[in-house]
Amino acid sequence: AVLAILGGGIWGLYLWDRSAPYVTYVARVGERPIISLSDGSRIQLNTDTEVRTRVTRVERAVTLERGEAYFEVVHDAKRPFIVYAGTRRVTDLGTKFSVRRNGDNVEVIVTEGRVRVDNLSAGPSDTPVFAQGGNVVLSKSDETIVAPKGKKEITDELGWRAGVLIFNQATLADAAEQFNRYNARKIVVEGAARDIKIGGSFRANNIDVFAQLVKN
């Protein structure tokens with residue numbers, strides 16, 4: 001009887017944990033909030049991003065509804081930290097990484113440790129992809145590739161964490177698109193100017209300075 005009571009209690013706690021609601025966090029345009037989870041892990045949201053999180057005694061799960069986020073995960077072998085982004089599932093293997101989602105297109109940048117990326121829309125025979133620090137994972141439709149990326153390139157891509165956009169021979173059209181992610185006012189580039197190459201470091205919210213420099 002005692003064993004039955006104990007077993008029922010454990011099962012009840014498990015069911016309660018599994019039914020625990022998600023908590024939603026939203027970063028509006030131009031915001032970059034940092035979220036501290038109950039397990040000690042931290043998530044920094046990029047502009048116009050929404051995540052749903054659930055941390056219980058049996059699981060740690062985040063759903064990236066849209067946008068981009070950087071994860072600093074406290075490793076727990078009994079509770080893998082999982083990020084769902086579209087059709088991709090990113091499982092932490094003790095690491096720091098970012099995930100950017102644009103529909104079902106997903107980019108994962110691994111700065112430390114290792115991650116596993118699964119395609120949830122693929123068949124059971126599909127092979128997961130593993131990436132370690134210094135790698136980027138690009139997923140589109142049924143294709144997933146892993147490519148090395150230099151430390152400076154990674155630092156530049158994650159400059160948004162400090163509110164900075166860094167360009168290295170980017171087209172003016174691409175640079176404007178990046179600025180438009182962080183500002184309510186938008187830059188429009190037309191004609192041949194779209195292909196002009198630029199470089200430099202800019203505050204993401206200083207759209208007037210950027211526009212003036214480009215104009216000159």
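The values are calculated or read from the model by the stated rules, or taken from the named source; none is laboratory data. Since the model is a prediction, treat every value here as computed from it, not as a measurement. Neighbour counts are summed over all protein chains in view; Cβ atoms, including those assigned to glycine, are modelled from backbone coordinates with ideal geometry. The protein model used for the area step is the full one, side chains on, heavy atoms only, and it has no ligands, DNA or RNA in it. Shrake-Rupley method; radii C 1.70, N 1.55, O 1.52, S 1.80 Å.
Figures for the structure shown
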read-out: Tally, over segment 47-98, of residues that are more than 19 Å from L120 (Cα to Cα) and hydrophobic (A, V, I, L, M, F, W, C); value: 8
read-out: Leading residue by the ranking (least open to solvent (accessible area, probe 1.4 Å)) among those in segment 177-216 that are among the small types (G, A, S) and in contact with a Gly (Cβ under 9 Å, 6 or more places away or on another chain); value: A204
read-out: Verdict on L172 being in contact (Cβ under 8 Å) with a residue 40 or more places away in the chain and more than 21 Å from the chain's Cα centre (by Cα); value: yes
read-out: Segment 20-35 residues that are within 13 Å of T63 (Cα to Cα), paired with ones that are surrounded by 13 or more Cβ atoms within 10 Å (Cβ to Cβ) (beta carbon under 6 Å, 6 or more apart); value: Y22/R52; Y22/R54; V23/T53; T24/R52; Y25/I35; Y25/V51; V26/E50
read-out: Criterion: surrounded by fewer than 15 Cβ atoms within 10 Å (Cβ to Cβ) and not acidic (D, E) - qualifying residue of T24, T47, T63, T56; value: T24
read-out: Selected residue (criterion: most open to solvent (accessible area, probe 1.4 Å)) from residues of segment 66-96 that are among the aromatic types (F, W, Y) and either touching a helix residue (DSSP H, G or I) at 6+ places or on another chain (Cβ under 7 Å) or farther than 14 Å from R114 by Cα (or both); value: Y84
